[in-house]
1. From a point 7 Å beyond the Cα of Ala68 in the direction of its Cβ, which residues of region 1-16 have a backbone N at a distance under 15 Å?
2. By how many degrees, 0 to 90 and rounded to 10, does the Cα axis of helix 50-71 deviate from the longest principal axis of the chain?
3. Got a sec? Charge dipole of the chain, +1 on Cβ for Lys and Arg, -1 for Asp and Glu; which of Leu62, Gln39, Leu4 is way out at the positive end?
4. Once you have a ≥ b ≥ c as the square roots of the Cα gyration tensor eigenvalues for the chain, tell me rounded if a/c is under 1.5, and otherwise prolate or oblate according to whether a/b is larger than b/c.
5. For the chain, what relative contact order do you get, as a whole percent, if you take Cα pairs closer than 8 Å and at least 6 residues apart?
6. With +1 on each Lys and Arg Cβ and -1 on each Asp and Glu Cβ, how big is the dipole of region 2-71 about its Cα centre, in debye rounded to the nearest 20?
7. Just add up the charged neighbours of Asp23: K/R +1, D/E -1, any other residue whose Cβ is under 15 Å from the Cβ of Asp23.
8. May I ask you to list the residues of region 1-43 whose amide nitrogen lies under 13 Å from a point 7 Å from Cα along the Cα→beta-carbon direction of Glu61?
Amino acid sequence: MRTLRTLETRVLGYAIERIDERDHLGTVRASWYEVLCPQHGNVLGSCAGRADAERLVIRRELDQARRALRLNPAAGIAA
């Protein structure tokens with residue numbers, strides 16, 4: 001089996017690649033999407049579809065923003 005990586009899009013700096021696994025005849029046997037870290041290119045997660053991969057990026061960014069506010073309450077929005 002051979003795998004082919006194709007850059008699908010970039011979302012907020014994260015690369016989303018489609019991975020196609022092909023047999024010896026070149027027929028696609030499996031496809032999935034991987035989200036790559038913008039700083040180091042590490043794989044952060046795998047998803048069945050592109051929309052799921054985009055949701056993973058958004059969820060990760062929202063989690064990081066929430067963590068930053070919890071660690072530094074003075075940076076929060078004043079009421």
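Here, each number is a calculation from the coordinates, and none is a lab measurement. Bear in mind that the values here come from a model prediction, so they are computed numbers and not experimental data. Neighbour counts are summed over all protein chains in view; Cβ atoms, including those assigned to glycine, are modelled from backbone coordinates with ideal geometry.
1. Residues 12-14 qualify, since their backbone N sits under 15 Å from the label point.
2. Approximately 20 degrees, to the nearest ten.
3. Highest projection toward the positive end goes to Leu62.
4. On the way: a/c = 4.09, a/b = 3.40, b/c = 1.20.
Judged from the Cα gyration tensor, the chain comes out prolate (a/c at least 1.5, a/b above b/c).
5. Numbers: 116 pairs, mean separation 15.4, N = 79.
In percent, rounded to a whole number, it is 19.
6. Numbers: 13 positive and 10 negative charges, 51 e Å.
Its charge dipole is roughly 240 debye.
7. Cβ neighbours under 15 Å give a net charge of +1.
8. 10-16, 38
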